[in-house]
Amino acid sequence: MPQNCILCGAGTQNSGLCTACHTHLPHHSTACCPICALPTFNSDICGRCLKKAPAFNNTHAAFTYQFPVDSLIHAFKYGGNLALSELLADYLITATSSQPKPDLIIPMPLHPARQRERGFNQSLEIARIISKKLHIPLAINLCTRIRETAPQASLTIKQRHGNVKGAFDCTGEQIQGSHIAIVDDVMTTGTTINELSRILRDQGAAEVSAWIVARAL
């Protein structure tokens, strides 16, 4: 049945976006650091990652965090438009299609108080779909957020490190020796994912990949 594009309202036979809007999305396809996905010349490792390598091994992002993807994520995350979860998950699946499949998928945990306030965990909704379509086990309760933190967007880079320090707890035999993909909606500085990755590596994870819908520059 004909549908309307969720961005421009034009009629489309596809689910979600018309061809024109799909084409003009800010796909994260330029040369970038293989570890943190920030733009670099010839896809070299960036200076920051060379100076201090993060706990995660690589980052794969579907989009650059700019219009209109920022509006889509905002509508999904804060507007409760859960129908967007499959669209965002499908783009992330495409962005990671050439990568080795991880052993486990872990959604970025929300603190229980934050999840009650929002009503859902946006990363979990995306991760559910990816897990089902790629047939990769989804570990929902392997990692928990044990400390409620201030929103990272309101803090400086230095404050963000202290804000998430000790915020996560990860336990489970599945971690040992596994390649784990952390699924999240947006990566800004990478501080939160780095802290979760550090805990996973401390628990014996062999490799940690960051699977991100949108990478902020």
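The table below gives the values:
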read-out	value
At R0 = 35 Å, FRET efficiency that the Cβ-Cβ distance of residue 74 and residue 140 yields, to 0.05	0.90
Charge dipole (the chain, unit charges on Cβ, about Cα centre) - positive-most of 138, 81, 45	45
Under-5 Å amide H pairs with residue 61, H placed in peptide plane, nonlocal only	212
The chain - charge dipole about Cα centre, Lys and Arg +1 at Cβ, Asp and Glu -1, debye rounded to 20	460 debye
Contour excess over end-to-end distance, with Cα ends at residue 27 and residue 189 and 0.36 nm allotted per residue	56.4 nm
GNM result for the chain, Cα springs below 10 Å: residue of 191, 19, 64 fluctuating most strongly	19
Listed pairs 77/132; 51/132; 77/165; 51/165 exceeding 30 Å between Cα atoms	51/132
Computed label-point distance, nm, for sites residue 19 and residue 206 using a 7 Å Cα→Cβ extension	4.4 nm
GNM top mover of 49, 170, 143 - the chain, alpha-carbon springs below 10 Å	49
The chain: angle of helix 122-134 to the longest principal axis, Cα-based, in degrees nearest 10	80 degrees
Largest-first ordering by accessible area, 1.4 Å probe, given options 195, 125	125, 195
Protein-only accessible surface order, largest first, of 101, 77 at 1.4 Å	101, 77
HN-Hα J in Hz across region 139-146 - Karplus 6.51, -1.76, 1.60, θ = phi - 60°, x for Gly and Pro	9, 7, 9, 5, 10, 10, 9, 9
For the chain, built as a Gaussian network whose Cα springs stay under 10 Å, the top-fluctuating residue of 145, 128, 116	116
Relative contact order [Cα under 8 Å, 6+ residues apart], region 26-128, whole percent	22 percent
Check: region 52-118 dipole with +1 on Lys, Arg Cβ and -1 on Asp, Glu Cβ, in debye	260 debye
Cα-based helix-to-principal-axis angle, 191-202 vs the chain, degrees rounded to 10	50 degrees
Theoretical gain in end-to-end length, residue 98 to residue 169 [0.36 nm per residue, Cα-Cα removed]	22.5 nm
Built amide H within the under 5 Å cut-off of residue 32, gap 5+	40, 43
Ranking by accessible area, most exposed first, for 169, 185 with a 1.4 Å probe	169, 185
Accessible area of residue 213 in the full protein assembly, 1.4 Å probe (Å², nearest 10)	0 Å²
Residue 82/residue 113 FRET efficiency (R0 25 Å; Cβ-Cβ; nearest 0.05)	0.75
Derived scalar couplings ³J(HN,Hα) [region 179-184; Karplus, 6.51 cos²θ - 1.76 cosθ + 1.60; whole Hz; x for Gly, Pro]	8, 10, 9, 8, 9, 8
With all protein chains modelled, accessible area of residue 8 [1.4 Å, Å²]	80 Å²
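The values are calculated or read from the model by the stated rules, or taken from the named source; none is laboratory data. Computed from a predicted model, the values in this text were never measured in an experiment. Cβ coordinates were reconstructed from backbone atoms using ideal geometry, including for glycine residues, and neighbour counts include every protein chain displayed. For the accessible areas, the whole protein counts, side chains as well, though only heavy atoms, and no ligand, DNA or RNA atoms are used. Shrake-Rupley method; radii C 1.70, N 1.55, O 1.52, S 1.80 Å.
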